[in-house]
Amino acid sequence: MKIIILGANQVGSTLAETLAGEANDITVVDEDAEKLRELKDHIDIGTVPGHPSLPDILTKAGGHDADMIIAVTESDEINMVACRVAYSLFQTPKKICRIREASYLKSDKLLFGQHGIAVDTVISPELIVSQDIERLLDLPGSLQVLDFADGKVQLVAVKAYYGGPLVGQEIRLLRQHMPSVDTRVAAIFRKDRPIIPEGSTVIEADDEVFFVAAQKDIRACMSELRRMDKPYKRLMIAGGGNIGMRLAQKVEGRYQVKIIERDPVRCTYISEKLDHAIVLNGEASQRDLLIEENIASTDVFLALTNDDEANIMSSLLAKRLGATKVMALINNPAYVDLVQGGDIDIAISPQQATIGSLLAHVRRGDVVNVHSLRRGAAEAMEAIAHGDEASSKVVGRAIQDIDLPEGTTIGAIVRNDEVLIAHDNIVVEPDDHVILFLVDRKRIPEVERLFQVGFSFF
């Protein structure tokens with residue numbers, strides 16, 4: 001697939017690296033020639049320096065035969081104009097646009113489309129990240145929570161602790177512990193190394209366990225692996241930017257929310273947009289301010305500013321002063337592995353969250369959901385099975401008979417509104433939503449081929 005990526009920022013660079021490793025023809029456009037040189041030095045891609053929305057620059061990047069344009073520059077306006085230019089000049093089949101401004105998103109049905117700005121898919125990183133954080137808040141103790149099939153199925157990562165009912169026991173005993181709940185352990189990460197679980201696999205303390213279950217059964221499954229954390233009540237958010245404000249708007253009706261914002265003008269703006277949250281003007285790294293606002297009784301401290309270093313330092317301080325849980329927004333991928341799991345309980349990577357949404361539109365076959373896991377090392381996807389026994393490699397076959405690539409497991413199948421946890425004897429039917437877990441991303445092309453329908457179907 002020939003793909004043009006506009007913007008060599010963190011999202012654009014990570015996306016280029018991911019897609020280039022999957023045998024795609026990638027060209028990156030950016031005004032910063034030095035940044036493009038650095039990118040080209042370590043991945044095999046084409047680069048074009050210049051303003052991303054100019055017709056001659058898009059032509060030079062190969063717009064006349066591109067299959068897809070992904071506009072992820074820092075400017076909403078440049079992204080939108082570039083998509084419109086690509087459609088007008090080249091009739092580019094697929095145009096994906098990153099939009100950050102909430103006002104544009106409110107009018108998306110009128111603005112976007114062939115008769116408007118000609119954008120096929122809108123991606124909002126701030127919205128994606130705030131939704132991810134909201135799910136983490138709703139499931140205390142979880143490290144990652146992912147929705148599939150419109151929320152009917154969830155994939156949840158938890159750390160197994162000493163004293164959990166299943167710690168030190170084989171996975172097959174899970175059914176004995178919970179006879180009325182159906183679940184499947186999709187993968188285990190032990191000291192950062194993946195383990196494909198079998199019935200005889202023993203869960204050890206400190207294992208990072210990914211399990212899949214119907215949404216209604218998630219809490220019961222978590223309680224088997226670790227002692228359940230008390231529901232959160234009090235949140236403190238450092239940073240009143242797009243993510244911080246969006247999150248506060250979504251959760252202020254369910255939690256006691258305080259926001260710390262350094263800019264007095266922004267404070268006024270936020271306070272007008274919120275109904276219940278308390279807005280404080282100040283620095284989140286001020287020890288006296290945190291103590292004064294009872295940080296010791298705060299259930300979750302969320303550092304959501306645009307500054308990685310500020311987020312890390314304020315999170316460490318909040319933890320030292322008594323905050324039960326701390327989460328920090330980390331843009332630099334090199335920092336994520338450094339801080340995750342220490343004093344900072346959860347490091348949130350906006351790039352990985354955004355890239356998952358983008359990849360769903362790039363994958364071959366009918367892939368409707370993609371989530372990046374373990375900082376991009378693993379992947380979970382939701383694919384729809386099409387065809388019949390003659391034309392499909394999955395339809396009409398029991399799960400045990402499907403030739404899955406090594407390191408790939410099927411976690412669940414959603415059939416209409418029914419959630420079927422993937423046991424070996426379940427037969428895949430047409431239009432089933434199949435939830436897969438891949439510990440090795442190099443196997444993605446093989447999984448895509450599995451779900452592509454042969455010519456005999458047409």
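The values are calculated or read from the model by the stated rules, or taken from the named source; none is laboratory data. What you see is a predicted model; the values in this text were computed from it and never measured. Neighbour counts are summed over all protein chains in view; Cβ atoms, including those assigned to glycine, are modelled from backbone coordinates with ideal geometry.
Only one of these is under 21 Å from Ala378 (Cα atoms), free of Cβ contacts under 8 Å to residues at least 24 places away in the same chain and not aliphatic (A, V, I, L, M): Lys216, Lys191. Name it.
Lys191
Applying the condition of being touching a Pro at 6+ places or on another chain (Cβ under 8 Å) and not in a helix (DSSP H, G or I) to region 222-236 and asking which residue is modelled with the highest pLDDT yields Tyr232.
Within region 183-192, the residues that satisfy the criterion of being under 16 Å from Thr409 (Cα atoms) and either in a loop (DSSP other than H, G, I, E, B) or not aromatic (Phe, Trp, Tyr) (or both) are Thr183, Arg184, Val185, Ala186, Ala187, Ile188. Residues that are over 30 Å from Ser103 (Cβ atoms) and over 28 Å from the mean Cα position of the chain (by Cα) within region 38-76 comprise Val48, Pro49, Asp56, Thr59, Lys60, Gly62, His64, Asp65, listed in sequence order. For region 11-23, residues that are in contact with a strand residue (DSSP E or B) (Cβ under 7 Å, 6 or more places away or on another chain) and farther than 11 Å from Ile70 by Cβ total 1.
Each residue in region 256-294 was checked for being β-branched (Val, Ile, Thr), surrounded by fewer than 18 Cβ atoms within 10 Å (Cβ to Cβ) and under 23 Å from Ile133 (Cα atoms), and 1 of them qualify. Scanning region 48-91 for residues that are within 15 Å of Ile26 (Cα to Cα) and among the polar types (S, T, N, Q) gives a single hit, Thr59.
The residue that is modelled with the highest pLDDT, counting only those in region 1-32 that are hydrophobic (A, V, I, L, M, F, W, C) and closer than 24 Å to Asp307 by Cα, is Leu6. Can you tell me which residue in region 203-255 is surrounded by the fewest Cβ atoms within 10 Å (Cβ to Cβ), limited to those that are within 30 Å of Gln286 (Cβ to Cβ) and polar (S, T, N, Q)? Residue satisfying both the conditions and the ranking: Gln249.
In region 58-70 there is at least one residue that is out of contact with any strand residue (DSSP E or B) (no Cβ under 6 Å at 6 or more places or on another chain), within 10 Å of Leu6 (Cβ to Cβ) and outside the structural domain of Arg246 (by TED's automatic domain parsing).
Residues of region 399-419 that are over 21 Å from Ile188 (Cβ atoms) and touching a residue at least 40 places away in the same chain (Cβ under 8 Å): Ile402, Asp403, Val414, Asp417, Val419. Reported count of residues in region 150-164, each being more than 21 Å from Glu418 (Cα to Cα) and in contact (Cβ under 8 Å) with a residue 60 or more places away in the chain, is 7. Scanning region 146-190 for residues that are surrounded by 21 or more Cβ atoms within 10 Å (Cβ to Cβ), under 18 Å from the mean Cα position of the chain (by Cα) and of a type outside the set (Gly, Ala, Ser) yields Leu146, Phe148, Val153, Gln154, Leu155, Val156, Val158. Condition first: surrounded by fewer than 16 Cβ atoms within 10 Å (Cβ to Cβ), in contact with a Ser or Thr (Cβ under 8 Å, 6 or more places away or on another chain) and at pLDDT below 85. Can you find one or more residues in region 378-390 that meet it? The answer is yes; a qualifying residue exists. On the stretch given as region 146-179, residues that are assigned to a helix (DSSP H, G or I) and farther than 19 Å from Arg227 by Cα total 1.
Being among the hydrophobic types (A, V, I, L, M, F, W, C) and under 24 Å from Asn332 (Cβ atoms) is a property that Ala303 has.
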